[in-house]
Amino acid sequence: MLQWLKKRCAFDIVDPPKWVARLEDMQERDGADHPAYKLLDHWKRAYAPEHKAEDTSSAPTVLPFDMARTKDAVAVLRDVSPVDEQYFAKIWDWIDRTM
């Protein structure tokens, strides 16, 4: 999705640990007003475990994402397909117009 978004907006795509480090540097420099800062500990655990500040004794738990049981229980989800570039563009255009 980042590649699709890059076709519409100018920004750098960086690896997750570098993004977390940049976010942390921005927080230290600019204060904690940005909404992403509230999730900084989550981003560290999820995307930069070697960079996290607190507990370094355990590796992050990575859980599999599986919709099989949900689709069995919720019939309307059985026909849902993955987001493609065309649908993403439609959503982004709406966000760009209304936000």
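Read-outs: derived from the displayed coordinates by stated rules, not from any lab. Values in this document were obtained by computation on a predicted structure and should not be read as measured data. Ideal geometry is used to build each Cβ from the backbone, glycine not excepted, and the neighbour counts take in all protein chains shown.
A few notes on this one:
- Calculated SAXS-style log₁₀ I(q)/I(0) at q = 0.11, 0.25 Å⁻¹ - the chain, Debye, Cα scatterers: -0.56, -1.18
- Taking every C-alpha pair closer than 8 Å and separated by at least 6 residues, the mean separation divided by the residue count of the chain gives a relative contact order of 26 percent.
- J(HN,Hα) series, the stretch 4-16, from Karplus relation 6.51 cos²θ - 1.76 cosθ + 1.60, nearest Hz, glycine and proline x: 5, 5, 4, 5, 10, 9, 8, 6, 8, 9, 10, 5, x
- Among Leu39, Ile91, Val20 the positive-end extreme of the charge dipole of the chain (Cβ point charges): Ile91
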